[in-house]
Each structure stands twice: as structure tokens, then as C-alpha cells.
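Scroll down for the structure; my scribbles are underneath it.
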Amino acid sequence: MAKTEIEFLSGFDAVCPVPPEVRAAGLSYRFAVIQHTYRPDSVNMVFDVPLCRCLLEFVADFAPDVEVQPERGQAPKTSVTGFIAKLLAQEVDDQVPPALVFARRDGKIVLCMASEEWAQVGGPEPYHDSYTYSLFTHQDIGSRVKALLATHSEAEGWRLAEVEVASSQTAEEFFAKRRARAKSGRFEELLRRVPNRTPMPGDEID
């Protein structure tokens, strides 16, 4: 049985975008779930709907108030159940993950799941041609996320890699390094290597 390859990265690396809402909420930890789009049983790029649904349900259980922003910009927001229903009703070629998902407790964002647009544009390892979900939180939730996937009813269709650790483990370290790269021009050089990648909120450097 062909399986979807899934990698994990704990922390921040040179090219991960950090949405402004994440910075404003002070979410210091990032755990990335990287779904590779190549699978030997398909001639087309694969978007793993069960994985997306599993992660959405994880966010929905994380806090009482959750909203999904399907697209970037001023797109109308919806609920997790509403987004999943629409996703399952779409043609395969139209299915994509939501741009942003926010979980709030007492009106404050405690988790943000942001999709990174690496599919069909190449990109650096480990993101090359992937659907990547970055989960930003106040605490490290990596072990919880991986344990959920390992025991999920759809787990037979996934091959889960070991968790890799990024060069920066907190947002503070990450932004200090990014500002240094910006001064030297190295960050722009990194982005020029993937010219087809859509600019994402969080690429900006202040």
C-alpha cells in the first residue's frame, strides 16, 4: 500500500513565514507537519484530505473558539465543520488546506495553524513540493500532534518520520537571526531560489 510521506520539524528555520497574528499573540513555539505531495501510486500531486481533517479537528479540540480563514486577505471566515464539509464536497483538483486557523481562549489566540504554500513551486528541503502546516503555540505540542497522527484511524495511509529540530527553537531566536540575514541580503537570496512561491504573510522583516 502506498503511503503519504509526512515529516515533522520542531522550531523555526530560515524560510518559514510567521503570520503577524502569531507575533501579536506572542506564540513562541512552532511545530510543522510537512505532507509531501509525491506518492508512487499517483501521477498527480496528492493532497491528503484525511491529514488536513485530522489537524483541523486537533485545533478544534484545543480551545473553545475556533475560526477558519480559507484564503489569505479579507476572505470570509468559517467554522471547522463548515470548512470540512466544503472540502469534502469539492473536486479533488480544487481541494486545498485553509490559509489560517485560529483557536482562541478568553478572546486570545492560543494556537494558529498556518498553511505554507510550497506545493508546485519546489522550495528548499524539507518543504520541497509539500503542503506544510505550521502550528504556533505558547508551548511545545509536537509530541501531542505526532501521537495523534500515529494512533489515528487513517494512520495506515501515512508514513511518519522522526521529528527534526530546527536551528531556532523559539520565535525570539528566529527573528533575531532573520534580521541578521536581512541586513546581509541572505534572506532575499533564499526566497529568490523559489521564484514561483506566492509571498506569504510573515515573510516581512521589521
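What the table shows:
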{"read-out": "Full-stretch length increase - ALA161, ALA2 - with 0.36 nm per residue and alpha-carbon distance subtracted", "value": "55.7 nm"}
{"read-out": "Hull-based mean projected area of segment 45-90, where the convex hull spans the alpha carbons, in square nanometres", "value": "3.8 nm²"}
{"read-out": "Given LYS3/LYS177; LYS3/LYS86; LYS86/LYS177, the pairs whose alpha carbons are separated by over 31 Å", "value": "LYS3/LYS177; LYS86/LYS177"}
{"read-out": "Among VAL96, SER79, SER115 the positive-end extreme of the charge dipole of segment 67-120 (Cβ point charges)", "value": "SER79"}
{"read-out": "Partner aspartates and glutamates for LYS146 [C-alpha distance under 17 Å; skip if fewer than 8 residues away on the same chain]", "value": "GLU5, GLU7, ASP48, GLU57, ASP61, GLU154, GLU156, GLU162, GLU164"}
{"read-out": "Hull volume in cubic angstrom per residue (convex hull over the Cα atoms of segment 4-192)", "value": "126 Å³"}
{"read-out": "Shape category assigned to segment 122-176 from the gyration tensor of Cα positions, a/c cut at 1.5", "value": "oblate"}
{"read-out": "The chain, relative contact order [Cα under 8 Å, separation at least 6], %", "value": "33 percent"}
{"read-out": "Global geometry of segment 78-132, whether rounded, prolate or oblate, following the gyration tensor of its Cα atoms and the 1.5 cut on a/c", "value": "oblate"}
{"read-out": "Sites matching GluC sites (Glu not before Pro) across segment 9-71 that sit in DSSP coil, with at most 12 neighbouring C-beta atoms within 10 Å", "value": "GLU71"}
{"read-out": "For the chain, size of Cβ-based charge dipole, Lys and Arg +1, Asp and Glu -1, in debye", "value": "540 debye"}
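None of the figures in this text is laboratory data; all of them are computed from the coordinates on show. This structure is a prediction, so every number in the text was calculated from the model and none was measured. Neighbour counts are summed over all protein chains in view; Cβ atoms, including those assigned to glycine, are modelled from backbone coordinates with ideal geometry.
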